[in-house]
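Read-outs: derived from the displayed coordinates by stated rules, not from any lab. Since we're looking at a predicted model, the values are computed, not measured. Cβ atoms come from the backbone with ideal geometry, glycine included; neighbour counts cover every protein chain shown.
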């Protein structure tokens, strides 16, 4: 894998990693990879089925294994929101490219997610989105090289902000 050759999106479920990722890939001339879809394809089950039948810890191991097997270049990679729980996975992603955190406040995320119980979000029983956000946000910020608040931005605006912040890393693409 070429160091620095990818753009990796991290953030909460509902923040727009897939939507933004597709737009960025198109703009940069990169391929697009959604790790949640890759996991579902590899496992032959939806994320929620894995979490419900195998548990959160097993899902975390499956997610980590999927990330550690990535060997791509010139990709925009949209990760699952729980990837930040694995130090090994995040070290692998950091070596693979530039990590960008897409952020949005919990109220915004809640308004975007209408299928919280079936979406395949790794969360503790009884945990709500606000508590999950409080738990994960410090991890996102720890790993992010770039962070963009997407709360009041549409996808095209997020892409513009990201591209502006990434000009020096991908000068031949932007």
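Please work out the Cα center distance from region 64-130 to region 33-53, rounded to the nearest Å. Result: 13 Å between the Cα centres. Placing a label point 7 Å from the Cα of residue 87 along the Cα-to-Cβ line, the residues of region 119-162 whose backbone N sits under 16 Å from it are 139-140, 142-143.
How much space per residue, in cubic angstrom, does the convex hull of the C-alpha atoms of region 1-54 take up?
Value for region 1-54: 111 Å³ per residue.
Taking Cα atoms only, the orientation of helix 155-166 departs from the longest principal axis of the chain by about 60 degrees. Distances between every pair of Cα atoms in region 109-158, grouped in 10 Å steps from 0 to the bin holding the largest one, split as 19, 45, 34, 2 percent.
Placing pseudo-labels 7 Å out from each Cα toward the beta carbon at residue 110 and residue 95 gives an inter-label distance of 4.1 nm. Packing, as the average of other Cβ atoms within 10 Å across residues, places the peptides 67-75, 30-38 in the order 30-38, 67-75, highest first. Relative to the dominant Cα principal axis of the chain, helix 56-68 is inclined by about 20°.
Rounded to the nearest 500, the 222 nm mean residue ellipticity of the chain from helices alone is -15000 deg cm²/dmol, with -39,500 (n - 2.57) taken per DSSP H run of at least 4 residues. Quick check on region 129-170: take the gyration tensor over C-alpha atoms, sort the square-rooted eigenvalues as a ≥ b ≥ c, and tell me if it's rounded (a/c under 1.5), prolate or oblate. Judged from the Cα gyration tensor, region 129-170 comes out oblate (a/c at least 1.5, b/c at or above a/b).
In region 6-166, Cα pairs under 8 Å separated by at least six residues give a relative contact order of 36 percent. Extending 7 Å from Cα along the Cβ direction at residue 18 and again at residue 134 yields two label points whose distance is 2.9 nm.
What number do you get for region 6-166 when its Cα radius of gyration is normalised by 2.2 N^0.38 Å, N = residues?
Values: Rg = 14.6 Å, N = 161, 2.2 N^0.38 = 15.2 Å.
My calculation over the Cα atoms of region 6-166 gives 0.96.
Footprinting exposure proxy ranking of 47, 7, 166, fewest other C-beta atoms within 10 angstrom first, gives 166, 47, 7.
Relative to the dominant Cα principal axis of the chain, helix 129-143 is inclined by about 40°.
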